[in-house]
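The values are calculated or read from the model by the stated rules, or taken from the named source; none is laboratory data. Source: prediction; values computed, not measured. So basically every Cβ, Gly included, is an ideal-geometry build from the backbone, and we count neighbours across all protein chains shown. To get the accessible areas, we keep the full protein, side chains included, count just its heavy atoms, and leave off ligands, DNA and RNA. Shrake-Rupley method; radii C 1.70, N 1.55, O 1.52, S 1.80 Å.
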Amino acid sequence: MSSGIVRLSHAEVRVPDLELAVAYYVELVGLVEVDREPDRAYLKGWDEHQHHSLILNRAPTYGLDALAFKVQGDGELDALAARVEAAGVAITRHAPGELAIGSGDIVRFRSPSGHVVDLEHGQLQIGNGIPKLNPPVGPGELKGMAPPRIDHIFLMCEDVDGATAFFREVLDFRMTEQILADDGHQLATFLERDHSTHDIAFLTGPDGGFHHVAYWVDDWNELRKGADACAYHGVTVDAGPIRHGATRGCGLYFFDPAGNRNELYTGGYWFDPDDEPTTWTESEMGRAIFYYRGQVDRGFMTVHS
Ligand SMILES: [Fe+2]
């Protein structure tokens, strides 16, 4: 029984100063600007084939407008839509190009966690800039940190148990890891569809909260170079480079000019559908988040958008 969700597709993020944000995401982070509208910019990692993995919306404040998952086929999208409605969640349907330049067929709903979620099939494919016949390993000149692709999104909500159950039961996400409070409720969960450690994760906090969006880099050394670039350009490094206990990933956290948290991420492991989830106890939460320091950073847990 496959729900047809392939992976995290993209995030839509609010920024008050669109020009400043584009400069930051293109020159420092190293995303590729693909399209522009008066109040919107479309970006992607260099190795992504689809039109966008990050949409910047000009808005008075910062935060997350929507997140989207890539769905395998038309039939799968219809089946998922029916399951979401059967779970008592209202959906809207959107034709290709209706919600964004290059968008495919989209089913949109608000998840129990308070986030606007899009399930999308058929986003415009524009290629990764290198040929399919005898290609070089990259497109040549790359700017900034130059992550090849989006990796995961980390959200906050009041009822992590409820949000996790919805994503597992309705959307067929697999839980790879969880952090359990002493009273048994879930403080954080990590969920995947792409066989990595997580496409999406939830942390206890306010409904609709946005903790960070992460782009993949190929190794730990890229995190050092990313931190060097942040320091050089006066960008606030929130944490890292660090190692997580949960997911065994490595990350670097920093803020865009609007205050949205970004992560460069690498490492982790592969998760098979028949693997069992890993559990962390509340007393070991520090090690789960920041493995070496072994302490939960208060700012990391409480600052969000
Ligand atoms: Fe992350």
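Out of D219, D199, D256, report the one residue that is touching a Lys or Arg at 6+ places or on another chain (Cβ under 9 Å) and touching a residue at least 40 places away in the same chain (Cβ under 8 Å).
Values: D219 fails: touching a Lys or Arg at 6+ places or on another chain (Cβ under 9 Å); D256 fails: touching a Lys or Arg at 6+ places or on another chain (Cβ under 9 Å).
Exactly one residue qualifies, and that residue is D199.
Can you tell me which residue within the stretch 230-253, out of those that are among the hydroxyl-bearing types (S, T, Y) and open to solvent by 30 Å² or more (accessible area, probe 1.4 Å), is farthest from the chain's Cα centre (by Cα)?
Among those that are among the hydroxyl-bearing types (S, T, Y) and open to solvent by 30 Å² or more (accessible area, probe 1.4 Å), it is Y232.
Restricting the search to the stretch 50-95, which residues are open to solvent by 60 Å² or more (accessible area, probe 1.4 Å) and either in a loop (DSSP other than H, G, I, E, B) or at pLDDT below 95 (or both)?
Matches in the stretch 50-95: P60, T61, Y62, Q72, D74, G88, A90.
Just to be sure I understand, how many residues within the stretch 192-213 are of a type in the set (S, T, Y), open to solvent by 10 Å² or more (accessible area, probe 1.4 Å) and part of a loop (DSSP other than H, G, I, E, B)?
As a first pass, look at the stretch 192-213 and keep what is of a type in the set (S, T, Y): 196-197, 204.
Among the residues that remain, those that are also open to solvent by 10 Å² or more (accessible area, probe 1.4 Å) are: 196, 204.
Within this subset, residues satisfying the condition of being part of a loop (DSSP other than H, G, I, E, B) are 196.
The total comes to 1.
For V6, are the conditions met, namely being surrounded by 14 or more Cβ atoms within 10 Å (Cβ to Cβ), in contact (Cβ under 8 Å) with a residue 12 or more places away in the chain and within 24 Å of V235 (Cα to Cα)? Steps first, please.
Numbers: surrounded by 14 or more Cβ atoms within 10 Å (Cβ to Cβ): yes; in contact (Cβ under 8 Å) with a residue 12 or more places away in the chain: yes; within 24 Å of V235 (Cα to Cα): no.
The answer is no for V6.
Can you name every residue in the stretch 258-304 that is charged (D, E, K, R), outside any strand (DSSP E or B) and either modelled with pLDDT of 95 or more or buried (at least 16 other Cβ atoms within 10 Å of the Cβ) (or both)? Explain how you work it out, then say what you get.
Filtering the stretch 258-304 for residues charged (D, E, K, R) gives 261, 263, 272, 274-276, 282, 284, 287, 293, 297-298.
Those still in the list that are outside any strand (DSSP E or B) too: 272, 274-276, 282, 284, 287, 293, 297-298.
D272, D274, D275, E276, E282, E284, R287, D297 - these are the residues of the stretch 258-304 that are charged (D, E, K, R), outside any strand (DSSP E or B) and either modelled with pLDDT of 95 or more or buried (at least 16 other Cβ atoms within 10 Å of the Cβ) (or both).
Determine which single condition Y232 fails, assuming it passes every other condition in (1) in contact (Cβ under 8 Å) with a residue 60 or more places away in the chain; (2) away from the ligand (no atom under 12 Å from the Cβ); (3) farther than 19 Å from V303 by Cβ.
(1)
Residues A214, A258, A246: which one is touching a helix residue (DSSP H, G or I) at 6+ places or on another chain (Cβ under 7 Å), within 16 Å of the ligand (Cβ to nearest atom) and within 26 Å of L67 (Cα to Cα)? Walk me through how you get there before you give the answer.
On the way: A214 fails: touching a helix residue (DSSP H, G or I) at 6+ places or on another chain (Cβ under 7 Å); A258 fails: within 16 Å of the ligand (Cβ to nearest atom).
Every option except A246 fails the conditions.
Residue check: is G251 touching a strand residue (DSSP E or B) at 6+ places or on another chain (Cβ under 8 Å) and under 24 Å from A21 (Cα atoms)? Walk me through it before giving the result.
Working: touching a strand residue (DSSP E or B) at 6+ places or on another chain (Cβ under 8 Å): yes; under 24 Å from A21 (Cα atoms): yes.
Criteria met by G251.
Hey, can you tell me all the residues within the stretch 159-168 that are open to solvent by 20 Å² or more (accessible area, probe 1.4 Å) and either under 18 Å from D275 (Cβ atoms) or at pLDDT below 95 (or both)? Reasoning before the result, please.
Step one: of the stretch 159-168, the residues open to solvent by 20 Å² or more (accessible area, probe 1.4 Å) are 159, 161-162, 165, 168.
Hit for the stretch 159-168 is R168, nothing else.
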